[in-house]
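Undergrad: Below is one structure. I have some questions about it.
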Amino acid sequence: MPPSPLLLMVLMTILPPLLVLLFCNATAVSSQLAWTQIYVGSNNQVDLWTQESQGCRCNHDLLRQDCACCVPQGGCQCGALAMNRCAQCGLEQHCTNMCNVTIKADMLLARSNSTFGQIKSPALSGPNYCWYTLDPGYDRRVELQVYRLVNAGHFNGSSCVSGYLELLDSFGQGTGPRICGQNERLAPPVVMFADRESAVLNFRIEEATSRSQFLAYFSFTSLTNVHGLAFRPKGGRRIEHTVCDWLYQDFSCNKDSCTLASPGFPGIYGTNLYCKYHITTSSVHTKVRLQFLTLSLPLNHCGAHYISVYQGPTSNSPLLTTICDKSKKDHTFPGPNVLLEFRAGASIPPYDYTGFVATIEFIDNVSTQPSSTAATSEVSPYPAIEVQRNLRNDQSCEMTIKSADIKSGHFDLRGIQNWKTNCTIHFEGSELEIVHISLFNYVLKASSCQSFIEIYDGPGIKSKDKTKRLCSPVENHARDTNGMFRERQMFVSSRNHMTLLVRRLMANDQDEETEFLDGAYSFFNVLERGTLQPDTLCDVNYNGRSSSSRGKLKHPGTEQIFWNVEGQLRCSQNLIPATNQSISIKVISLNKMSSDLCYTECGDGGCRCVKNATSVVDQLYVISTNDDILSCICGDFQAEWLPITVKSWSPIKLVYSVSKYSWSNKGFEYSAEYSFKDDMVCGYRVINQHTGILESPIMIRESPLNFYYHQDCTWLLDSNVERHLTIEIGSSQSRPCSAWNISIHEYSERSDDKAGPILYTFCSREKNSTNTLPWQTNIVVIKLRAMTQTPPQYYIKWRSDVDRARLSGSTAHTAAASESLKLANNWTMLLITVIFLYVKQMKNS
């Protein structure tokens, strides 16, 4: 018979009495291709399990000697239906029709002492299909070698049509390798691997054919194979509920480099794949080195088969490079997030590509300086900052970081050599600054608090200023095992100094990780940037009496203190006017926020963001103290709408909301101005007059476009007499209630502004309304609410009227009560007189 394609492979070693597998690379083809070597036997052998077609005793009829002779290890006769053929023991019942079969590695090993075999499909007349379930059992992967395809669809230039052969792992989802061909003799074979437990091989014919067939060999390849066939990603973790996403973290690869690969390597990868390899660092100075050991993608198909590398956690992050074809080179990227995306379209003939293998190396760029006993000027690389470092005889260090040199940066004690026990970092701000620090990573290994980190709210190490102590043994990484940043450990000084003290045992020279600390700092000018709120990263207050009367507002997120922030970022700037003050916020410029999920509409009642209630998008908005959104900007707004101004006489917040923030892909930029101004247009007033009038102040509209007045005025009207209170409200305007309205409330001690249930609401379209309140309702709260481009025009009159009927009844009642009291007094005097005379008589007797 002509030489089989199998004979091109190196012969396996036979270790009697077992037939075993030899794993090696196929030297006749590209060194990237590898498969399990399956031995046929000799040139005279009929097939994998049949040595001769006749001449042996028949198992189904012991009187006959004309049945096939099987290989001694693993071959079994097919029986009466195919007397001249043998099959693998355990599969002999499928000799004549090997279709819709489940093949289990443990069963094959028990019956034939082998974990490999052959699949020769029946000759199908299309349309038709067959399936084959391959169960590798424990510690193995499914390997398939396809040598022959007959009338199995065809490739139309973009995909397989009319039929295909496809290998799906247990995750399925239609992403397995898929090949097709009309009359293909494949040498070398098309090699496929399935990496998740069992796999299903689908042979599907979707057109009319007279004979469709395929020939393949399978192997349940050991995962401990050392020749590349058992390749597994190293150091990473597969992300659950995904087809092919992986996570690689620096602290999981701190000894050796990690390894990642395309699905199914070293076989061909699946169709229509979208795999994400998330690479994260826990330290700001750590870089990622990516080295491709193997890169084999279809030539001239860079539009469908390629690797994209992004500086950030998502594909919306900046694109660093795109890799395709077979070009290999090393790449180095900064952290803290690198995303490698692998996209694959349809499988393209010839099926001689295997995907890629790459190593990931995490490189620490902390600079070190030679030891010295004198004070030296050391330049820190994260970012450039000059600090004073003193190495004394006890080999301790002391650094001072001043805001005069730089406003924010990183610190890392691993960049300092030859300090053994104590290291002190002094943060020194200007008179109007506070210090904000965040701890990223620290390792303290000594027992019983022999190593520790102490934080002091002041310029020195004084016990009264100590705010925090971290005792060994303790370890913290910026990221958790899922690659997410942990909750931030932040500390804010009350004045312009803060001190860090790190004490550790003597550092050894072993490979074991040294005790260390790294983090970030920021000097915060209270006068210019507001008062940072406790336990927040970026929420600040501006107070009308203590802050600058005018100032600029800008987007946060650019200081290194934000390095370990990832995901949604929300920062609020709360502007609080004092009594008889107003506050104006003017948004001057704003980057367009690319989002198809939201757009901006502006009208008389402010600008609003139109979006789905559940959508999280980039937004810049102004809210009231009740969290009512006064104006909002999102999406691709019209630049001519700017500036947008909101003027208010009550506290308002400018909220900066980024849906997906990361250090490498920061949020949108904006600039705004604020100003506090003394005026008495609106506020909280208590009025004790029985009669009076309130009139809207005269306000000249300050801008023709997108200038909005927000008023939340409250008057507590206390007439302090038991009379009928009558309130008249009127306006010359005709505006909707949503633009502005006036409401009358019952008095209530339960609310801060004393406003209880609403008694009546006035809208300007009513023009005039008079309300007489119930008897003895002499305390009420009147509220004006407005959000409009046109200042409200109104008047409020009130008077306390005497109810003569109630007053007359009250006078008669008082007179009757007086007569009763006078009579009671007379009887009392008479009783006292009688008692006195009785006592006197008793004494005389």
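Undergrad: Quick query: amide H of TRP246 versus all other amide H atoms, modeled in the peptide plane; which residues come in under 5 Å with a sequence gap of 5 or more or a different chain?
TA: Those lying under 5 Å, H to H, from TRP246 are ILE239, LYS276, TYR277, HIS278.
Undergrad: Would you work out what percent of the accessible area of region 56-215, with all protein chains in place, is carbon or sulfur (probe 1.4 Å)?
TA: Details: 3180 of 6870 Å².
Exposed carbon and sulfur together represent 46 percent of the surface.
Undergrad: Enter the accessible area per residue of region 121-229 (Å², integer; probe 1.4 Å; all protein chains in place).
TA: Value for region 121-229: 39 Å² per residue.
Undergrad: Tell me whether region 428-512 comes out rounded, prolate or oblate; compute the Cα gyration tensor, take square roots of the eigenvalues as a ≥ b ≥ c, and use a/c under 1.5 as the rounded threshold.
TA: Details: a/c = 2.44, a/b = 1.41, b/c = 1.73.
Verdict is oblate for region 428-512.
Undergrad: Just the accessible area per residue of region 651-790, please: how many Å² with a 1.4 Å probe?
TA: Details: 6540 Å² over 140 residues.
Per residue, region 651-790 has 47 Å² of solvent-accessible surface.
Undergrad: A follow-up question, please. Rounded to the nearest percent, how much of the accessible area of region 637-705 (1.4 Å probe, protein heavy atoms only) is carbon and sulfur? If you can, show how the numbers build up before the last one.
TA: Working: 1840 of 3520 Å².
It is 52 percent, rounded to a whole number.
Undergrad: Leaving out ligands, DNA and RNA, and with a 1.4 Å probe, what % of the accessible surface on region 506-611 is carbon or sulfur?
TA: Ligands and nucleic acids excluded, carbon and sulfur give 44 percent.
Undergrad: May I have the extent of the alpha carbons of region 578-625 along their three principal axes, as whole Å values ordered from largest to smallest?
TA: Principal axes ranked by extent give 42, 24, 21 Å for the Cα atoms.
Undergrad: Related question: Indicate the gyration tensor shape class of region 297-346 (rounded, prolate or oblate), computed on the Cα atoms with a ≥ b ≥ c the square roots of the eigenvalues: a/c under 1.5 is rounded; otherwise a/b larger than b/c is prolate and the rest oblate. All intermediate terms of the calculation are to be shown ahead of the outcome.
TA: Details: a/c = 3.14, a/b = 1.65, b/c = 1.90.
It is oblate, given that a/c is not under 1.5 and a/b is not larger than b/c.
Undergrad: Rounded to whole Hz and in sequence order, give me ³J(HN,Hα) for region 177-194 from the Karplus expression 6.51 cos²θ - 1.76 cosθ + 1.60, θ = phi - 60°, writing x for Gly and Pro.
TA: Once rounded to whole Hz, the list reads x, 9, 10, 7, x, 8, 7, 10, 9, 9, 9, x, x, 7, 9, 10, 10, 10.
Undergrad: In debye, nearest 20, what is the charge dipole magnitude of region 89-182 about its Cα centre with +1 on Lys and Arg Cβ and -1 on Asp and Glu Cβ, if you could check? Show your work: numbers first, answer last.
TA: Details: 7 positive and 7 negative charges, 38 e Å.
Around 180 debye, computed over region 89-182.
Undergrad: Once amide H atoms are placed 1.01 Å from N in the peptide plane, what residues at a sequence separation of 5 or more from CYS449, or on another chain, have their amide H within under 5 Å of its amide H?
TA: It is SER472, by chain and number.
Undergrad: Hey, another quick one. Per residue of region 674-687, what does 6.51 cos²θ - 1.76 cosθ + 1.60 with θ = phi - 60° give for ³J(HN,Hα)? Whole Hz please, x for Gly and Pro, Karplus curve as stated.
TA: 10, 8, 8, 9, 6, 7, 10, 5, 8, x, 10, 10, 10, 10
Undergrad: Still on this structure, please answer the following. Residues with amide H under 5 Å of SER296's amide H, sequence separation 5 or more or different chain, H placed in the peptide plane at 1.01 Å from N; which?
TA: Amide H neighbours of SER296: THR354, GLY355, PHE356.
Undergrad: Over all alpha-carbon pairs in region 69-214, figure out the percentage whose distance exceeds 20 Å.
TA: Numbers: 5376 of 10585 pairs.
Of all Cα-Cα pairs in region 69-214, 51 percent lie more than 20 Å apart.
Undergrad: Nothing charged except the Cβ atoms of Lys and Arg (+1) and of Asp and Glu (-1): what's the magnitude of the dipole of region 466-508 about its Cα centre? Round to the nearest 20 debye.
TA: Numbers: 9 positive and 3 negative charges, 54 e Å.
Dipole magnitude for region 466-508 comes out near 260 debye.
The values are calculated or read from the model by the stated rules, or taken from the named source; none is laboratory data. Since the model is a prediction, treat every value here as computed from it, not as a measurement. Glycine also receives a Cβ, built like all others from the backbone with ideal geometry; neighbour counts cover every protein chain displayed. Protein only, heavy atoms only, side chains kept; ligands, DNA and RNA dropped before computing areas. Shrake-Rupley method; radii C 1.70, N 1.55, O 1.52, S 1.80 Å.
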